[in-house]
Amino acid sequence: MSDQTNERKIEHIRVIEQDPETDRQGAYFDRIRLTHRALPEVSLAEIDPSVEFLGKRLSFPLLISSMTGGDHELVRHINKNLALAAESCQVAMGVGSQRVMFSSEAAKESFSLRQFAPSVPLFANIGAVQLNYGVGYEEVLRALDVLQADALYLHLNPLQEAIQPEGDTNFSGLSVAIQSLQQSLALPIILKEVGSGLSPADIRLGLAAGVRYFDVAGSGGTSWSRIEHHRRQSDVSDLGLKFQDWGVPTPLALKLAEPFLDQATLIASGGIRDGIDMAKSVILGASLCGVAAPLLQPAMESADAVIAAIEKLRREFVTAMFLLGTSDFSALYRNKALIVEER
């Protein structure tokens with residue numbers, strides 16, 4: 001199983017490299033137009049984009065979203081560069097699925113990242129469906145421990161599993177399993193989709209299970225359905241292509257989640273490609289904004305390349321804040337008066 005899982009990680013990366021259309025470029029955030037302030041009444045030099053998350057201060061509300069992990073030099077290289085950049089830029093980071101380390105001891109090294117990112121929030125990651133396939137409390141503790149994590153991502157990926165040749169598709173009763181796990185853990189669980197979006201019914205189930213953090217991870221960015229389509233080599237079915245744009249776009253997922261903001265903290269990911277998209281996400285109620293695809297190629301190069309990409313996002317985000325006349329995160333967060341038009 002470990003060889004198969006490791007090979008799948010590399011296949012995912014190669015598909016993304018070879019098929020640019022795995023990034024669906026939905027540009028759903030472009031339908032939101034913000035109010036430009038010609039008299040912003042703030043100094044660009046005094047803009048403070050910092051935010052606190054899980055008790056740690058971040059330089060701006062960026063999360064390096066989950067990408068990869070496993071027993072392979074490439075994924076070790078990628079994760080180390082991402083962690084070094086997260087620490088340098090003081091942003092949060094989530095790792096890829098840690099399931100592989102339960103069958104491959106050597107895979108643990110790719111998740112031993114606290115040494116490279118000692119002060120920023122790090123999120124461990126397990127597929128929620130694996131709770132129905134033998135992963136339990138002890139395995140979760142191992143995943144948290146190797147990363148010295150601040151929280152646990154439980155990712156929800158029914159579409160990917162349905163398309164994946166070796167997919168695990170028994171999602172029945174998961175909310176009960178999630179509730180049991182959250183009651184046993186001292187750290188928070190973050191429920192996360194992987195690119196099809198969380199709906200209000202999902203958030204209600206999560207809240208009932210004791211979860212208070214949700215990454216809506218909507219459609220518009222990387223399509224795991226299309227990626228898995230490329231891996232169905234012996235199958236002429238176009239199922240993965242048929243569903244490549246399935247789901248709730250990230251801006252809409254944020255709007256649908258608004259009624260829960262008195263109980264839940266939201267993370268926006270899925271199709272966020274620049275600092276303007278980040279600003280729009282914060283206006284719609286996101287406390288963090290997750291970005292993955294734009295950082296993958298830089299991470300394959302060096303930590304410095306990732307840092308440069310993050311600093312570009314930061315400049316864009318701060319510039320948007322300046323042009324909106326918002327001097328700090330609190331002035332931007334949920335300030336829907338800044339939206340002048342939605343198409």
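The values are calculated or read from the model by the stated rules, or taken from the named source; none is laboratory data. Bear in mind the structure is a predicted one, so any value in this text is a computation, not a measurement. All Cβ positions, glycine included, derive from the backbone under ideal geometry; neighbour counts span all protein chains shown.
Some points to look at:
- Residue identified as more than 15 Å from the chain's Cα centre (by Cα), among the aliphatic types (A, V, I, L, M), closer than 23 Å to PRO249 by Cα and at pLDDT 95 or above among LEU261, LEU324, LEU266, LEU295: LEU261
- Options GLN25, GLN18: the member that is closer than 20 Å to SER281 by Cα and surrounded by fewer than 21 Cβ atoms within 10 Å (Cβ to Cβ): GLN25
- For beta carbons closer than 6 Å, sequence separation of 6+ or different chains, a first residue in region 253-268 that is more than 19 Å from HIS155 (Cβ to Cβ) and a second that is part of a helix (DSSP H, G or I), the qualifying pairs are LEU256/PRO200; PHE260/ILE203; GLN263/LEU207.
- Of residues in region 211-232 being modelled with pLDDT of 85 or more and of a type in the set (Lys, Arg), the one nearest to GLY167 (Cα to Cα): ARG226
- Those residues of region 113-137 which are aliphatic (A, V, I, L, M), outside any helix (DSSP H, G or I) and under 19 Å from the mean Cα position of the chain (by Cα), in sequence order: LEU113, ALA117, VAL120, LEU122, ALA124, ILE126
- Scanning region 29-42 for any residue that is modelled with pLDDT of 95 or more, part of a helix (DSSP H, G or I) and surrounded by 20 or more Cβ atoms within 10 Å (Cβ to Cβ) turns up at least one such residue.
- Taking region 313-343 as the range and being free of Cβ contacts under 8 Å to residues at least 12 places away in the same chain and surrounded by 14 or more Cβ atoms within 10 Å (Cβ to Cβ) as the test, only ALA331 passes.
- Yes/no for ALA86 being assigned to a helix (DSSP H, G or I) and either modelled with pLDDT under 95 or of a type in the set (A, V, I, L, M) (or both): yes
- Segments classed as strands (runs of 3 or more DSSP E), wholly inside region 150-251, with at least 2 members that are touching a helix residue (DSSP H, G or I) at 6+ places or on another chain (Cβ under 6 Å) and under 21 Å from ASP19 (Cα atoms): none
- Residue pairs whose Cβ atoms lie under 9 Å apart, separated by 6 or more positions or on different chains, with the first residue in region 54-73 and free of Cβ contacts under 8 Å to residues at least 60 places away in the same chain and under 17 Å from ASN125 (Cβ atoms) and the second part of a loop (DSSP other than H, G, I, E, B) and of a type outside the set (Gly, Ala, Ser), are THR68/VAL95.
- Of the residues making up region 17-28, those that are part of a helix (DSSP H, G or I) and either over 27 Å from ALA293 (Cβ atoms) or at pLDDT 85 or above (or both) number 1.
- Of everything listed in (1) out of contact with any strand residue (DSSP E or B) (no Cβ under 9 Å at 6 or more places or on another chain); (2) touching a residue at least 12 places away in the same chain (Cβ under 8 Å); (3) of a type outside the set (Lys, Arg), the single unmet condition for PRO249 is (1).
- Number of the exception - ALA45 against (1) among the aliphatic types (A, V, I, L, M); (2) in contact with a Gly (Cβ under 8 Å, 6 or more places away or on another chain); (3) free of Cβ contacts under 8 Å to residues at least 24 places away in the same chain: (2)
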